[in-house]
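Take a look at the structure below.
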Amino acid sequence: MINEEIRDREVRLIDEDGTQLGVVSSKDALNMAHEKDLDLVKIAPQANPPVCKIMNYSKYKFDQAKREKDARKKQKVMEVKEVRMTPNTEEHDLNTKVQSAVKFLKKGDKVKVSVRFRGRELSRTEIGKVVLDEFAERISEFGDIEKAPKMEGRSMVMFVAPKRQ
């Protein structure tokens, strides 16, 4: 709550530099804030009497938004990228998929590698395991296996995380 929104009869007032001015009526506190061309802001409404501070509220909100923006800028968002294959993926296609996965891992993203089985291929899931093991061997320099290959529906899935430095 700021300025005229404060309806309390008395408030404990803090000046802009942090000095306590004591308990004053909210009308006097509002007049003091207007004299300094600043805002009266209620900072502790649960206190008895409520605590209000004289401050430049718009500058405070701007600084707060700027801090939040900087915090978002500094955080690293890790995405999960997916590489899909079939049990009968050829050598050249496998190399292309490995290159894609390496590119994702170098960016710092996790990679979900899946081998999709169709029709009768589902009875030969060990072929998919061989393909995933070959894939894991080729990217072992850039990533670590986070979750070993396992069946999920009609696909065999493995998760690879970027290698820790």
Of the candidates Q75, Q99, the one satisfying the condition of being closer than 30 Å to V160 by Cβ and surrounded by 11 or more Cβ atoms within 10 Å (Cβ to Cβ) is Q99
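To keep it simple, each residue is scored yes or no on (1) open to solvent by 50 Å² or more (accessible area, probe 1.4 Å); (2) hydroxyl-bearing (S, T, Y); (3) over 27 Å from the mean Cα position of the chain (by Cα); (4) modelled with pLDDT of 90 or more.
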{"position": "P45", "(1), (2), (3), (4)": "yes, no, yes, no"}
{"position": "K53", "(1), (2), (3), (4)": "yes, no, yes, yes"}
{"position": "K66", "(1), (2), (3), (4)": "yes, no, no, yes"}
{"position": "M85", "(1), (2), (3), (4)": "no, no, yes, yes"}
{"position": "N95", "(1), (2), (3), (4)": "yes, no, yes, yes"}
{"position": "K110", "(1), (2), (3), (4)": "yes, no, no, yes"}
{"position": "F117", "(1), (2), (3), (4)": "no, no, yes, yes"}
{"position": "R124", "(1), (2), (3), (4)": "yes, no, yes, no"}
Here the qualifying pairs (Cβ atoms under 7 Å; residues six or more apart or on different chains; first in the stretch 134-160 and without any contact (Cβ under 8 Å) to a residue 40 or more places away in the chain and β-branched (V, I, T); second part of a helix (DSSP H, G or I) and open to solvent by 30 Å² or more (accessible area, probe 1.4 Å)) come out as none
ask   = Can you find a residue in the stretch 13-36 that is open to solvent by less than 70 Å² (accessible area, probe 1.4 Å), in a loop (DSSP other than H, G, I, E, B) and among the small types (G, A, S)?
value = yes
If we take the stretch 40-136, then strands (runs of 3 or more DSSP E) inside it with 3 or more residues that are more than 30 Å from D28 (Cα to Cα) are 80-85, 110-116
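The values are calculated or read from the model by the stated rules, or taken from the named source; none is laboratory data. Bear in mind the structure is a predicted one, so any value in this text is a computation, not a measurement. Neighbour counts are summed over all protein chains in view; Cβ atoms, including those assigned to glycine, are modelled from backbone coordinates with ideal geometry. Ligands, DNA and RNA are stripped out before the accessible areas are found, and what is left, the full protein with its side chains, is counted by its heavy atoms. Shrake-Rupley method; radii C 1.70, N 1.55, O 1.52, S 1.80 Å.
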